[in-house]
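These notes are about the structure you will find just below.
Derivation of every value follows stated rules applied to the coordinates shown; laboratory data play no part. Just so it is clear, the model here is predicted, and its values are computed rather than measured. Note: ideal-geometry Cβ built from the backbone for every residue, glycine included; neighbour counts use all protein chains shown.
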Amino acid sequence: MGALRSFLVTISAAGLIVGCTPSSDPNSGDDAGSGGTQADGGEGEGEGEGEGEGEGEGEGEGEGEGEGEGEGEGEGEGEGEGEGEGEIPGFCPEEINYVGQIVAGFIEMPEVPNGGVAAFEPYDPGYDAGLAAVIGMVPEMHEGITDLAEEPLQVTGATVIATNYFTDNFDVPPNQSRFWVADANGAIELFLDFNEEGATPDFQIRTGHTISFQVTELGRYFDRGQVSKATEFQLVETDQPVYINDSGGPFTEADIHSLVRVTGILRNQEPCGGENMCWDLMSAPDEETNLGIFRSRSEFAVTGGCATYVGPLGWFSGTPQYDAVNFTWHRLYD
């Protein structure tokens, strides 16, 4: 994993994540299943350089890969800092029930921006909101732009599958300017300019919403296509089914941005931009398969611990990445 990261010296956009206490942080807990598998702690990491995306909104979000400087020395797990060894037990439930933001069927009044009904069967092939045409127009080169202002692409009734976190500390909450939509033909991220008046929806964006809009600009950040400008946002329906791919992979670039659920043991910790740490996410319970890179700034994430991620699939240098931009996207087990 270190080889994947070391060629980029990067920095995340720093930001404020709220509710990070043992009682309120959804990243910690042991109530997502019964029974389970124990896993031993691994070795602490020493020095390292990370990767965080310089594309952050200034509202507390960084992405998986990008430019700038990463962190310097990492803290070892267990005894000492920088290069200690420690035994920190991890626990993976035998049955995983965690569904991240998709909680309308579990919680009567979900908090903004959560909602929707978890579904584990793919969308009906006939569900076409127009995203195939959008994805097909994404530029091929990193930081390329496709200007569609003269001939916008219409998206009708796409399902919101994930959002950035919500806070009222900003005029435009992060979930209004960064969210993901899908239909049966694929998924894509909307990464909108929150500083531009009228550039974001004027209604609350929640998972499980179906929305319509016109795409006027597309961009690419490394392997990830993005809708960078859109207009004419309309809310169609609320608390609709949201498909979660819980196959565990293997995933390909065709799956980027789709909503996935994976569970594994955290190994080989390294700093990776801003306050984030990265681990290899090894399949539970056998740890024989590396599922990709798990990335989080949660204080509850520890080497040897078990994590479930339910969020959009990222991609870094040919490897799946599970980047918990929104703390609700992962569950860390005591």
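Counting every other Cβ atom within 10 Å of each residue's Cβ, 331, 297, 220 order from fewest to most as 220, 297, 331.
Ordered by the number of other Cβ atoms lying within 10 Å of each residue's own Cβ, fewest first, 196, 151 fall into the sequence 151, 196. Over segment 83-216, Cα pairs under 8 Å with separation of 6+ residues give a relative contact order of 28 percent. Relative protection proxy for 133-141, 100-108, from highest mean packing down: 100-108, 133-141 (other beta-carbon atoms within 10 angstrom). Think of each Lys and Arg Cβ as +1 and each Asp and Glu Cβ as -1; about the Cα centre, that makes the dipole of segment 117-243 roughly 300 debye.
Summing +1 for each Lys or Arg and -1 for each Asp or Glu among the other residues whose beta-carbon sits under 13 angstrom from that of residue 107 gives -2. Farthest toward the positive end of the dipole of segment 117-243, out of 120, 240, 130, is the Cα of 120, where the dipole comes from beta carbon charges about the Cα centre.
Each residue of segment 98-115 is assigned a 3J(HN,Hα), and the resulting list reads 5, 10, x, 7, 8, 10, 4, x, 10, 10, 5, 10, x, 6, 4, x, 8, x Hz, derived from the Karplus form 6.51 cos²θ - 1.76 cosθ + 1.60 (θ = phi - 60°), x at Gly and Pro. Computed from the Cβ-Cβ distance with R0 of 25 Å, the FRET efficiency linking residue 288 to residue 94 stands at 0.90. Sparse packing (at most 11 other Cβ atoms within 10 Å of the Cβ) combined with a DSSP loop state is found for the following GluC sites (Glu not before Pro) in segment 207-299: 288.
Listing 302, 262 from fewest to most neighbouring C-beta atoms within 10 Å gives 302, 262.
Let's see if you can work this out: charge +1 on each Lys and Arg Cβ, -1 on each Asp and Glu Cβ, no other charges. What is the dipole magnitude of segment 187-307 about its Cα centre, in debye to the nearest 20? Mind showing how you got there, number by number?
Numbers: 8 positive and 20 negative charges, 23 e Å.
Using only the charged Cβ atoms, the result is roughly 120 debye.
Amide hydrogen proximity for residue 330: with H placed 1.01 Å from N in the peptide plane, the residues at 5 or more positions away or on another chain lying under 5 Å are 310.
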